Every structure is written in C-alpha cells, then in structure tokens.
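Derivation of every value follows stated rules applied to the coordinates shown; laboratory data play no part. Just so you know, these numbers come straight off a predicted model, no measurement behind them. Glycine gets a Cβ as well: all are built from the backbone with ideal geometry, and neighbour counts include every protein chain shown.
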Amino acid sequence: MSRFPIDPTSILIDLIRCPSVTPREAGALDALEAALARLGFTVERPTFHEAGAADVENLFARRGSSGPHLVFAGHTDVVPPGEAGAWRFPPFAGEIADGALYGRGAVDMKGGIACFVAAVARIVDADGDLPGQVSLLITGDEEGPAVNGTVKLLDWARARGERFDACVVGEPTNPDAMGDMIKVGRRGSLSATLTVAGRQGHVAYPHLADNPVRGLVTLLDALMAEPLDAGSERFQPSNLEVTTVDVGNPSTNVIPAEAKAGFNIRFNDRWSVASLKAEIERRLAEAARDLRLRPGKDAPVRYDLVWRSPASDAFFTSDAPLTQTLSDAIEAVTGRRPALSTSGGTSDARFIKDHCPVVEFGLVGQTMHMVDECVALADLESLTRIYETFIRGWFRARA
C-alpha cells in the first residue's frame, strides 16, 4: 500500500465530512493540509479581512522550487445543504451507495480537489518527484461574496514572488459525462441596485403622491426590452436579469415612498465593465423622461443606481498548448474529445486570468447545489487519471 494519498474517494470522504458551509472552514482545510503534508507540500493558511464581510481562511500549498509552475485552483466552501431530512443520507456523512459518494460538495468542488491531490500523489509515488513546481490555490470564499478569497490570495502570492505558468480550476464542467467539456472562458458579471424615489400618499389621491413603482417599471422595461447584443464569435448573447423587486409596503391603500430592484448582467466580449455601465446609465437616463405611466407628472423619474462589487470582464483563454494538452489527456482517458466552451456562470477563473492562462475542468455537474449531491466513484477515478495524464503531459510540453 502506498504511503501517499492516492485514492480520491478516501480524500473526498474526509473533505465532505467537514461541514464547510461558506464562509466556515470547519476542518476542510485541515483535512486538505494533512493530505498535502504527506506529499511534501509546504502549506500556508492566510486569513483575509474586509469590513462588512466575514473573515475567510484560505490555503496555498507548493511543492518544488524550480521549473515550470502549474497551479490548481478551487474552493472547499460549499452552499448550505437545505433541509437535511430531504437527503438520502445526511449531507455531511460522506456515505457510499450504488457506486456513488453522497454529500454536499461532492462535485462542487471538493471532488475536483480530491482528484487533483490523488493525481499528484500517484506521480510522486511512481516517479519519486514532480518535474517542476505544483501549487494549490484553495479558497473558502467562492460560494460566498468572493471578497476575502481567491482575488486576495492571488495578490498575496504575487507579493511573495510566486509566478504561475498555467492554472486548472477544478469546477464541475461536464454537462452529462466525463470528457464533455472544458471551460476556456467565461462571460463577465455586473450587478447593481436601482432605487426609485417617490412620494408617499393615499391610493385614492394619486395626484398628491408619486408612485415609485410606476417609475421603477418604466426603468426596468428600458433595461430589459432591447437585447444587449446577439452574441459574439466565442460567446452566447449577454443577458440582464432582474433578481429582486422590493417595495416593503404592507398596506394596500398606501402609495409607497420608495421602490428597489436588483439586477445582474452576464455579458460577452462585446462589452467591458466600463462600456456596459455606460450603456445601462444611458438607458436609465433616457427612460427617466418617459412619463407614460406617470400621468400628471412633468419631472423625470428620480432614481439612484449603485454598482455592486466584484465586477468582472469576459475573458477567453487562447493558450493552445494548455487546452490541447488537457484535451489530449481527457481523450486518452475517456475516448471523448471535449468541447471548448465559454458557457455558464462565473468562477474564480475570472480573477486568475490576470495572473496566468487558465482553463476549467472537473466532474459532471448535474447534482451540484442539489439535495443528494453525489459523484460516481468511477468519475472520481476517471478525473484522477485525467489530471495525472495532463500533469505529465503539461510538464513534458514545457521541457
């Protein structure tokens, strides 16, 4: 039996049994550090702070001191499990049944971390060493506000002189089966809160009041009625979605004084954060003069727009050797040539792209964030073999 942690299932069970609901560490980083220490990694655990956000502990581990530098990025924090009684097994028990391992974080994304650690362990077990530098950049703030996580961990590493040549993020990228898809880019993300001011009054005397809901509907219509674009060569169309509308008025006979809405935009490479903000502000300023829903009013809608952080631009990774080496490894293990995609939401790759070329590949994501989140044991073995093949191939290509 190897003295190294070469079995991804055992590693993953240890991680799942830590209830690390964001932003709690709950022992997950302790379990990961123990596995990495057995492999000869130097491990550090910086904690970052920011007013208005929870303190978050993160992990940076490195093995090797020279040669090309490959980094694996991910997160040990998970979303809440919901009603525990709705699960087949307790969400943090790490139970195995019918060829699958159940638990919150099994695919998103403690499973990816377990497979990468096991892959490195197999290489060290077989070869005695790695052909260069390998690091793990692990946060506890990906499922949360992403304030005290990867973005600060990257800055912390750079300040210490760390330089990365390429990164793989272990998010679940496959829609249906292992080998389906690599993420080679992501749309940008931009959020804001829109507040419309009115004048409170009695619903029977609307001329004495100014209903902010009428103004809010007008402004939201201007944001949503005309598509932002029709997509681009590499990306699907941008979309703006209103995520909340709040008036906070318990009475049916009182016109409220204020109405709010929140929205998020996922946008492609036809926009930057700056140009998209300008377009939204232009639409709002123009719509504020539309008085159709406000009979008897002659002043524009009074509103305030607050942009929320973090915002991120769309990006596309054009590092052909990185994507080809990973694609070759996937095909060698699964027999499938993966699609190169920019679909889906955002990930911490949006921060890593500013430091080195980055791609994403992990498990099948069908059960992520769901009750009875689980991963097939066969998929854990496949992903471990893919990572092992990729690591060897990437260093060979860099030699």
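Pairwise alpha-carbon distances in the stretch 68-183 exceed 20 Å for 54% of all pairs. Placing unit charges on the Cβ atoms only, positive for Lys and Arg and negative for Asp and Glu, gives the chain a dipole magnitude near 760 debye about its Cα centre. Shape analysis of the stretch 153-217 places it in the oblate category; the axes a ≥ b ≥ c from the Cα gyration tensor give an a/c of at least 1.5, with a/b not above b/c. In whole angstrom, the stretch 291-399 maps to an equivalent ellipsoid with semi-axes of 44, 20, 12, each derived as √(5λ) from the alpha carbon gyration tensor and ordered largest first. Extension gain, ARG199 to SER10, is 61.9 nm, computed as 0.36 nm per intervening residue step minus the present C-alpha separation. Helix 212-224 and the longest principal axis of the C-alpha atoms of the chain enclose an angle of approximately 50°.
Students often check this: by mean Cβ neighbours within 10 Å, which of 154-161, 118-125, 207-214 ranks highest, and how do the rest follow? Can you show the working numbers first?
Working: 154-161: 13.8, 118-125: 22.1, 207-214: 18.0.
Those peptides, ordered most packed to least, come out 118-125, 207-214, 154-161.
Three semi-axes describe the equivalent ellipsoid of the stretch 1-160; taken as square roots of 5 times the Cα gyration tensor eigenvalues and ordered largest first, they are 25, 23, 10 Å. Quick one: Debye curve from the alpha-carbon atoms of the chain only, equal weights, vacuum; give me log10 I(q)/I(0) at q = 0.09, 0.14 Å⁻¹ to two decimals. One equal scatterer on each Cα of the chain leads to -0.60, -1.17. Rounded to the nearest 0.05, the FRET efficiency derived from the C-beta distance between ALA378 and GLN236 at R0 = 25 Å is 0.20.
Of the peptides 275-281, 311-317, the ranking by mean beta-carbon count within 10 Å, highest at the top, reads 311-317, 275-281. Of all the options LYS260, LYS353, LYS297, the one that moves most in a Gaussian network model of the chain with Cα springs shorter than 10 angstrom is LYS297. Summed over all non-identical Cα pairs, the Kirkwood treatment of the stretch 221-291 gives a radius of 14.2 Å.
Specify which residue in the list TRP394, VAL301, GLN324 is farthest towards the positive end of the charge dipole of the stretch 249-399, using unit charges on the beta carbon of Lys, Arg (+1) and Asp, Glu (-1), about the Cα centre. Among TRP394, VAL301, GLN324, the one farthest towards the positive end of the dipole of the stretch 249-399 is VAL301.
Taking the Cα centre of the stretch 84-216 as reference, the dipole from Cβ charges on Lys and Arg (+1) and Asp and Glu (-1) amounts to some 680 debye.
Shown here: the stretch 184-228, whose C-alpha atoms stretch 57, 19, 10 Å along the first, second and third principal axes, sorted largest to smallest. Between the listed residues PRO23, PHE92, SER135, the Cα displaced farthest toward the positive end of the dipole of the stretch 14-136, a dipole computed from Cβ unit charges relative to the Cα centre, is found at SER135. Among ASN239, THR252, GLY262, flag the residue with its Cα farthest along the positive direction of the charge dipole of the stretch 188-312, charges on Cβ as +1 for Lys/Arg and -1 for Asp/Glu. Farthest towards the positive pole: THR252. Put simply, the C-alpha atoms of the stretch 1-68 give a gyration tensor, and the ellipsoid matching it has half-axes of 25, 18, 7 Å, longest first.
Any idea what % of Cα-Cα pairs in the stretch 188-312 are farther than 18 Å?
Numbers: 4202 of 7750 pairs.
More than 18 Å apart: 54 percent of the Cα pairs in the stretch 188-312.
Placing unit charges on C-beta atoms (Lys and Arg positive, Asp and Glu negative, everything else neutral), compute the dipole magnitude of the stretch 188-312 about its Cα centre in debye, rounded to 20. Please report the intermediate quantities before stating the final value.
On the way: 15 positive and 15 negative charges, 43 e Å.
About 200 debye.
In a Gaussian network model over the chain where Cα atoms closer than 10 Å are linked, find which of GLN366, GLN200, GLN324 has the largest mean-square fluctuation. Highest fluctuation among the options: GLN200.
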